[in-house]
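A short reminder: the numbers here are calculations on the coordinates, not readings from a lab. As the structure is a computational prediction, the values presented were derived from the model and not from experiment. For neighbour counting, all protein chains shown are included, and Cβ atoms are generated from backbone atoms with ideal geometry for every residue, glycine included.
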Amino acid sequence: MITGRLIIEQVLNGLMLGCMYAIVASGLTIIWGTMRLINFGHGEFYMLGAYVLYLCITLLALSPIYSLLIAIVIVFALAIVIEKVAINPLLDKPNWDNNALVVTVGISVFFQNFALRVFGERFKSVPYFLDGTLEVFGLRMAYQRILIFAISTGLLLGVWWFIKKAKFGLALRATAQDMDEATIVGINTKSIYVYTFSISCAMAALAGGILAPIFMINPWMGFVPLIKGFVTVVLGGLGSFEGAILAGFMLGIVESITVILTSSEWKDVAAFLILIVTLGIKPSGLFGTKEW
């Protein structure tokens, strides 16, 4: 029986799920808006964040919070190396964006097989960062899910401020609007590309880490977030950072409500149906294309 309490709880769960979509999608949006690059390896950085968290907890006996911070730093550093070695050399070449897209596909395949080889196909699990459940007016919500929402919201607000107000963010926006003009005024656009790519990958790692206690860790775990991230980016509007965030939360809520109205098998259908209908009505996405 569907009750009002059940619907509210599912909406709250949808906000948690929407956090994942919003973080992954905003990272993809940053890369697209700045580099005009579709990163098909983005889901694997999500997966790597979860595996580094797992190693820190199981092998080093560190707390989940410290493990999460280490995972973010390691993935950030790894992304810098990958961008400089595999993507940056293509920037001055003809059709660099197409070549770089193929490189990101190769990155995805490599890290999936690397994780399969090193960790095996068995699913891994990690403990909750916070145990227990909060109950308010009969509504129950695990502390882990509240923590996910709090961290995700703080991260998204911080990245939004960073892009809009910080000096690096202004340079990033200038590079996104016109790389040649940005170079003329003294902006090191190649450095902007490096750190833009790395920041977005670190965001994916954070999402993978904080969601690892809820979703089992495996070599293929980045595929669904990647696909849903692309859906969210298109739904929100290519190039719109705010659109990616709002569309992510909306998609998470819709999927959670769909589960109680029908079944879990239909939540993906609902997500893609919304995308198809939206593009039919407004091809630019719900929130349109927005210059940074």
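Scanning region 122-162 for residues that are of a type in the set (Ser, Thr, Tyr) and free of Cβ contacts under 8 Å to residues at least 40 places away in the same chain yields a total of 2. Applying the criterion of being aliphatic (A, V, I, L, M) and under 25 Å from Arg117 (Cβ atoms) to the residues of region 213-251, the residue that is surrounded by the fewest Cβ atoms within 10 Å (Cβ to Cβ) is Met216.
Filter region 197-212 down to residues that are more than 12 Å from the chain's Cα centre (by Cα) and surrounded by 23 or more Cβ atoms within 10 Å (Cβ to Cβ) and give me whichever is farthest from Val105 (Cα to Cα). Per the criteria, the residue is Ala212. Here is the figure for region 278-292: residues that are free of Cβ contacts under 8 Å to residues at least 24 places away in the same chain and in a helix (DSSP H, G or I) total 2. Within region 201-223, the set of residues being outside any loop (DSSP other than H, G, I, E, B) and over 17 Å from Val85 (Cα atoms) comprises Ala202, Met203, Ala204, Ala205, Leu206, Ala207, Gly208, Gly209, Ile210, Leu211, Ile217, Phe223. Taking the criterion of being under 30 Å from Leu59 (Cβ atoms), in a strand (DSSP E or B) and of a type in the set (A, V, I, L, M), would at least one residue in region 144-157 satisfy it? No, region 144-157 has no match at all.
Determine which member of the set Thr104, Thr133, Thr58 is farther than 21 Å from Met221 by Cα and among the hydroxyl-bearing types (Ser, Thr, Tyr). Talk me through it step by step, then tell me what you get.
Working: Thr104 fails: farther than 21 Å from Met221 by Cα; Thr58 fails: farther than 21 Å from Met221 by Cα.
Of Thr104, Thr133, Thr58, the one residue that is farther than 21 Å from Met221 by Cα and among the hydroxyl-bearing types (Ser, Thr, Tyr) is Thr133.
How about region 229-285: which of its residues are within 27 Å of Met35 (Cβ to Cβ) and of a type in the set (Lys, Arg)? Within region 229-285, Lys282 is the sole residue that qualifies.
A quick yes/no check of all residues on (1) in contact with a His (Cβ under 9 Å, 6 or more places away or on another chain); (2) of a type in the set (Ser, Thr, Tyr):
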{"residue": "Val105", "(1), (2)": "no, no"}
{"residue": "Ser108", "(1), (2)": "yes, yes"}
{"residue": "Ala115", "(1), (2)": "no, no"}
{"residue": "Arg122", "(1), (2)": "no, no"}
{"residue": "Tyr128", "(1), (2)": "no, yes"}
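With a requirement of 3 or more residues that are within 16 Å of the chain's Cα centre (by Cα), surrounded by 14 or more Cβ atoms within 10 Å (Cβ to Cβ) and of a type outside the set (Ser, Thr, Tyr), the helices (runs of 4 or more DSSP H) lying completely within region 10-123 that satisfy it span 42-58, 64-82. Residue count for region 174-200 under the criterion of being among the β-branched types (Val, Ile, Thr), assigned to a loop (DSSP other than H, G, I, E, B) and free of Cβ contacts under 8 Å to residues at least 12 places away in the same chain: the result is 1. Residues in region 238-277 that are more than 30 Å from Arg5 (Cα to Cα) and in a helix (DSSP H, G or I): 2 in all.
Filtering region 252-277 to residues that are without any contact (Cβ under 8 Å) to a residue 24 or more places away in the chain and farther than 19 Å from Val233 by Cβ leaves Thr258, Thr262, Ser263, Ser264, Glu265, Trp266, Val269.
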